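**Student:** Submitted below is the structure of interest, expressed as structure tokens.
The values are calculated or read from the model by the stated rules, or taken from the named source; none is laboratory data. Here the structure is a predicted model, which is why all the values come from computation and not from measurement. Here Cβ is always computed from backbone atoms with ideal geometry, including for glycine, and neighbour counts include all displayed protein chains.
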Amino acid sequence: MSPSSSKIPYGGDYNPEQWPQEVRDADHRLFTKAGIDTLTVGVFTWSLTQPAEDTYDFTDLDRILDQAAAEGRQVCLATGTAAMPPWIARKYPEVNRTDFEGRRHRYGQRHNFCPSSPAYRGLATGIAARLAERYADHPALLAWHINNEYGGVCYCALCAEAFREWLRDKYDSLAALNDAWWATFWSHRFTDWAEIEPPNALTEHWRGPDHTAFQGITLDYFRFTTDALLGCFLAEKEVIRAHDPVTPVTTNFMGMFRPLDYHRWAPHLDFASWDSYPPLDAPPTWPALAHDLMRGLKDGAPFWLMEQTPSTTACRDVNPLRRPGELRLATFQAIAHGADAALYFQMRASRGACEKYHGAVIGHAGRDDTRVFREVAEIGRELEVLADASLGARTPARTALLFDWDSWWALEISDGPSRPVKYQEVVHAYYRAAREAGADVDVVPHTADLTPYDVVLAPALHMVKGDLAARLEAVAARGGTVLTTFLSGRVDEHDRAFLADVPGPLAPLMGIRIDEWDARPPEFTQPVAELASQGRLVFEIVRLRGAETVATYGSDFYAGTPAVTRNRYGQGEGWYIATALDQPGVNQVLRRVLARHDLIGPYADQEGLETAARTAPDGSRLLFLLNHTAEPARLTAHATATDLLTGKQTEAGAPLTLDPRGVAVLRLQ
Ligand code: GLA
Ligand code: ZN
């Protein structure tokens, strides 16, 4: 169930409660100029709508929604429960979180509530219920936005008790828990549930949240935290549903956000949405990976881009501007990857506090003749032209990449083999290679149906759960290719090592056996000559058990032994990459894999040109071309197509030029 719209909703977070009516009127005039039709409101209104426990006041919110409706705009209505009013924290101190160091916080900031606090739960569902009751039938209402960017961890006594309950539910007996956590190690056998403490700086941790004596306990606390915050979401959703059975409900995620396993949340969202603030200097494949991860949450259904900055962020030490054309490129990239809405944070810049310098469609001077406003308005015009052409479209990917929060967590809280190995970096290297070769990629959970795919990439699949190994074998048996890397197939769902040769349950498919691995500092490299590449970080020493060598290590006592292997399995292949190859090395491997399945795209050799295919509900095939360089891209059209943004038709074989940072949305014939 996703919001229904005749075009891509365009707009974003708007906080008119900070402004007098004349500013709101002026804002709406500018919204009209910029083609802005959708406003996310209510994210920060709780202290106004409920100034005291028994006092509600919706006068201003009524005005805000009524004005939106009168101006023909739709509203994504937030419950606003991420930003608590001060009185709640004073009256119910237990709503304040206890941090990793064990300190009980006092009132301040936002995203600061204890997920296990019954007072918080009661108040959050109380305001959500009243909002739903009041606005369910409001003509402006398009979607519900629960809370805001759920995250953070609490270690208070309420959470400790809730964690114990969660564990009882999961393990049933202390014997099972002791076994899962391998508690006999360091004499930890628990004889009473009350002995179990949340893992933090006062208990199992040292040097911070990633250094734990008991990975099993810490992993379970990550999972518990995911479920505890999900419980807050579900409680609000339930009260909304009691008053409004139809309007789609979401909460805004943060893409590759380590603390929460969004796959556990996915079934409970009506549609996925997320806020894209790529790290500085990230290559374009970084936000693309996050888009594809978000699209994978609901089996490939479109998601909303709930926030992005039109120009700069404010929270970083240094906040560079988006260059002319970059916003448009980022917006169409999101649409190319499955976004059915393009929303900003924020419509008007706040006058005070920590986000007053955050980029906004309308700045402090309220002008419409700024560069940013012009770019925003131009995108607004183009989205009107695009109309419904891409709405509801699906990505016809034949390559899947497994993304697994458990593997991410387990890998990065592990003592040994190597702390510098970062899950996202390994995953991104393989994703990037596939995307730059022109393959569309579905980023999916380990439980996904793998039958639609020719290629399944499983980089750094540290933890192997359930029947995954058998399903990967089935992919290869029917002719597909499965690729995995170093530090895969190591542990079971409880982070206990497999009592088998590495890579554990993946070993038969890979046709190899690993007994030893060498981890070296990040600056150390090892030549892998056959790929003209270098390996880094971890060098697993591979013994062939049916596989053939593709590339070898060039030095040390394991010189000449395999760094990359390929195993014939049924009609297909299993590839194993035993070290962190540099990007050119990963690219070469991936292009060999993709070529076998004819999955190299038509513009794979055009540097900086991204392509993304989508199939619209009416069956029409769209191809997005995104020029990520500051130079024109000169191509030869591979098919006859019409650019939906310009109406221009290009014949197959004719020249096709994209401006610097230019975009084309081609409908193929
Ligand atoms: C997040 C929040 C917004 C705002 C922006 C600023 O995405 O959801 O409220 O703070 O960051 O970048
Ligand atoms: Zn708590």
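**Student:** For segment 583-599, indicate whether the set of residues that are surrounded by 19 or more Cβ atoms within 10 Å (Cβ to Cβ), in a strand (DSSP E or B) and on the phi < 0 side of the Ramachandran plot is non-empty. Give the steps one after another, and end with the answer.
**Tutor:** Initial filter on segment 583-599 (surrounded by 19 or more Cβ atoms within 10 Å (Cβ to Cβ)): 585-591, 593-594, 599.
Still in the list and also in a strand (DSSP E or B): none.
No, that holds for no residue.
**Student:** For segment 138-156, how many residues meet the condition of being among the aliphatic types (A, V, I, L, M), within 16 Å of ligand 1 (Cβ to nearest atom) and farther than 10 Å from Thr81 by Cβ? Spell out how you get there, then give the answer.
**Tutor:** Keep residues of segment 138-156 that are among the aliphatic types (A, V, I, L, M), which gives 140-143, 146, 153.
Next, only the ones that are within 16 Å of ligand 1 (Cβ to nearest atom) stay: 143, 146.
Filter once more, so that each one left must be farther than 10 Å from Thr81 by Cβ: 143.
Qualifying residue count for the region: 1.
**Student:** For segment 70-85, state whether one or more residues are outside any helix (DSSP H, G or I), within 20 Å of Phe373 (Cα to Cα) and not basic (Lys, Arg). Walk me through it before giving the result.
**Tutor:** In the first step, residues of segment 70-85 are kept if they are outside any helix (DSSP H, G or I); the result is 71-85.
Remaining after also requiring within 20 Å of Phe373 (Cα to Cα): 71, 73.
Next, from what is left, pick out any that are not basic (Lys, Arg): 71.
For segment 70-85, residues outside any helix (DSSP H, G or I), within 20 Å of Phe373 (Cα to Cα) and not basic (Lys, Arg): present.
**Student:** From the residues in segment 87-113 that are touching a residue at least 12 places away in the same chain (Cβ under 8 Å) and within 16 Å of ligand 1 (Cβ to nearest atom), which one is nearest to the chain's Cα centre (by Cα)?
**Tutor:** His111
**Student:** Criterion first (part of a loop (DSSP other than H, G, I, E, B), modelled with pLDDT of 95 or more and closer than 25 Å to Pro284 by Cα) does Gln346 satisfy it?
**Tutor:** Details: part of a loop (DSSP other than H, G, I, E, B): yes; modelled with pLDDT of 95 or more: yes; closer than 25 Å to Pro284 by Cα: yes.
When the stated conditions are applied, Gln346 passes them.
**Student:** Continuing with this model, one more query. If you check every pair at least six apart or on different chains, which have Cβ atoms under 7 Å apart with a residue in segment 114-126 that is in contact (Cβ under 8 Å) with a residue 24 or more places away in the chain and under 14 Å from Pro93 (Cα atoms) first and a residue that is hydroxyl-bearing (Ser, Thr, Tyr) and away from ligand 1 (no atom under 16 Å from the Cβ) second?
**Tutor:** Cys114/Tyr120; Ala119/Tyr92
**Student:** Filter segment 107-138 for residues that are closer than 14 Å to Thr45 by Cα and either touching a strand residue (DSSP E or B) at 6+ places or on another chain (Cβ under 6 Å) or among the charged types (D, E, K, R) (or both) and give the result.
**Tutor:** Within segment 107-138, Arg110, Arg130 qualify.
**Student:** Among Ala578, Ala612, which is crowded, with 23+ Cβ neighbours inside 10 Å and over 30 Å from Pro417 (Cβ atoms)?
**Tutor:** Values: Ala578 fails: over 30 Å from Pro417 (Cβ atoms).
The unique qualifying residue is Ala612.
**Student:** Something else: Scan segment 408-415 and give yes if some residue there is over 25 Å from the mean Cα position of the chain (by Cα) and assigned to a loop (DSSP other than H, G, I, E, B), otherwise no. Walk me through it before giving the result.
**Tutor:** Filtering segment 408-415 for residues over 25 Å from the mean Cα position of the chain (by Cα) gives 415.
This time we only want the ones that are assigned to a loop (DSSP other than H, G, I, E, B), so: 415.
Checking segment 408-415: at least one residue is over 25 Å from the mean Cα position of the chain (by Cα) and assigned to a loop (DSSP other than H, G, I, E, B).
**Student:** How many residues are of a type in the set (D, E, K, R) and either touching a His at 6+ places or on another chain (Cβ under 6 Å) or more than 20 Å from Gly208 (Cβ to Cβ) (or both) when one looks only at segment 89-120?
**Tutor:** Of the residues in that region, 6 qualify.
**Student:** Would you mention how many residues in segment 252-269 are outside any helix (DSSP H, G or I) and within 11 Å of Phe303 (Cβ to Cβ)?
**Tutor:** Initial filter on segment 252-269 (outside any helix (DSSP H, G or I)): 252-261, 269.
Okay, now just the ones that are also within 11 Å of Phe303 (Cβ to Cβ), so 252-253, 255, 269.
Total meeting the criteria: 4.
**Student:** Select from segment 39-52 the residues that are surrounded by 14 or more Cβ atoms within 10 Å (Cβ to Cβ) and either touching a Phe, Trp or Tyr at 6+ places or on another chain (Cβ under 8 Å) or in a helix (DSSP H, G or I) (or both) and list them in ascending order.
**Tutor:** Just the residues of segment 39-52 that are surrounded by 14 or more Cβ atoms within 10 Å (Cβ to Cβ), to begin with: 39-50.
Of everything in segment 39-52, those that are surrounded by 14 or more Cβ atoms within 10 Å (Cβ to Cβ) and either touching a Phe, Trp or Tyr at 6+ places or on another chain (Cβ under 8 Å) or in a helix (DSSP H, G or I) (or both) turn out to be Leu39, Thr40, Val41, Trp46, Ser47, Leu48, Thr49, Gln50.
**Student:** If we scan segment 68-86, do we find a residue that is surrounded by 14 or more Cβ atoms within 10 Å (Cβ to Cβ), more than 31 Å from the chain's Cα centre (by Cα) and in the same structural domain as Ile217 (by TED's automatic domain parsing)?
**Tutor:** Kept after step one, since they are surrounded by 14 or more Cβ atoms within 10 Å (Cβ to Cβ), are these residues of segment 68-86: 68-69, 71, 73-85.
Among the residues that remain, those that are also more than 31 Å from the chain's Cα centre (by Cα) are: 69, 71.
Going one step further and asking which of them are in the same structural domain as Ile217 (by TED's automatic domain parsing), we end up with 69, 71.
The answer is yes, given that some residue of segment 68-86 is surrounded by 14 or more Cβ atoms within 10 Å (Cβ to Cβ), more than 31 Å from the chain's Cα centre (by Cα) and in the same structural domain as Ile217 (by TED's automatic domain parsing).
**Student:** Moving on to the next point. Tell me, please, whether a residue that is of a type in the set (S, T, N, Q), more than 13 Å from ligand 1 (Cβ to nearest atom) and at pLDDT 95 or above can be found in segment 281-304. Outline the logic, then answer.
**Tutor:** As a first pass, look at segment 281-304 and keep what is of a type in the set (S, T, N, Q): 285.
Now restrict to residues that are more than 13 Å from ligand 1 (Cβ to nearest atom): 285.
Filter again for at pLDDT 95 or above, leaving 285.
So far as segment 281-304 goes, yes, one or more of its residues are of a type in the set (S, T, N, Q), more than 13 Å from ligand 1 (Cβ to nearest atom) and at pLDDT 95 or above.
**Student:** It is to be established whether one or more residues within segment 241-256 are buried (at least 16 other Cβ atoms within 10 Å of the Cβ) and within 16 Å of ligand 2 (Cβ to nearest atom).
**Tutor:** No, segment 241-256 contains no residue that is buried (at least 16 other Cβ atoms within 10 Å of the Cβ) and within 16 Å of ligand 2 (Cβ to nearest atom).
**Student:** Now, a different point. Of all residues in segment 418-453, count the ones that are within 15 Å of Asp598 (Cα to Cα), in contact with a strand residue (DSSP E or B) (Cβ under 7 Å, 6 or more places away or on another chain) and not hydroxyl-bearing (Ser, Thr, Tyr).
**Tutor:** Selection size over segment 418-453: 6.
**Student:** So, in segment 139-152, of the ones that are over 19 Å from His105 (Cβ atoms) and buried (at least 18 other Cβ atoms within 10 Å of the Cβ), which residue ends up farthest from the chain's Cα centre (by Cα)? Steps first, answer last, please.
**Tutor:** Taking segment 139-152 as the starting set, the residues that turn out to be over 19 Å from His105 (Cβ atoms) are 139-146.
Keeping just the survivors that are buried (at least 18 other Cβ atoms within 10 Å of the Cβ) gives 140-146.
Values: Ala140: 29, Leu141: 26, Leu142: 23, Ala143: 20, Trp144: 20, His145: 17, Ile146: 17 Å.
In this case the residue turns out to be Ala140.
**Student:** Looking at (1) away from ligand 2 (no atom under 16 Å from the Cβ); (2) under 20 Å from Leu158 (Cβ atoms); (3) crowded, with 17+ Cβ neighbours inside 10 Å, which is the only condition Arg90 fails?
**Tutor:** For Arg90, the failing item is (3).
**Student:** As an exercise: evaluate Tyr135 against (1) more than 16 Å from ligand 1 (Cβ to nearest atom); (2) touching a Cys at 6+ places or on another chain (Cβ under 8 Å) and give the number of the one condition it does not meet.
**Tutor:** For Tyr135, the exception is condition (2).
**Student:** Also: If you take the residues in segment 350-378 that are in a helix (DSSP H, G or I) and more than 15 Å from Arg29 (Cβ to Cβ), which one is nearest to ligand 1 (Cβ to nearest atom)? Before you say what the answer is, go through the steps one by one.
**Tutor:** The initial filter retains those residues of segment 350-378 that are in a helix (DSSP H, G or I), namely 371-378.
From what's left, more than 15 Å from Arg29 (Cβ to Cβ): 371-372, 374-375, 378.
Details: Arg371: 20, Val372: 15, Arg374: 22, Glu375: 18, Glu378: 23 Å.
Here the answer is Val372.
**Student:** Something else about it: For segment 533-578, which residues satisfy the criterion of being over 36 Å from the mean Cα position of the chain (by Cα) and of a type in the set (Phe, Trp, Tyr)?
**Tutor:** Phe557, Tyr558
**Student:** Considering every residue within segment 306-321, establish whether at least one is touching a strand residue (DSSP E or B) at 6+ places or on another chain (Cβ under 8 Å) and outside any loop (DSSP other than H, G, I, E, B). I'd like the intermediate steps shown before the answer.
**Tutor:** Applying the first criterion (touching a strand residue (DSSP E or B) at 6+ places or on another chain (Cβ under 8 Å)) to segment 306-321 yields 306-310.
Checking the rest, the ones that are also outside any loop (DSSP other than H, G, I, E, B) come to 306-307.
Checked against the condition, which is being touching a strand residue (DSSP E or B) at 6+ places or on another chain (Cβ under 8 Å) and outside any loop (DSSP other than H, G, I, E, B), segment 306-321 yields at least one hit.
**Student:** Still on this model: Pick from segment 153-183 the residues that are among the small types (Gly, Ala, Ser) and crowded, with 20+ Cβ neighbours inside 10 Å: which of them is nearest to ligand 2 (Cβ to nearest atom)?
**Tutor:** Here the answer is Ala162.
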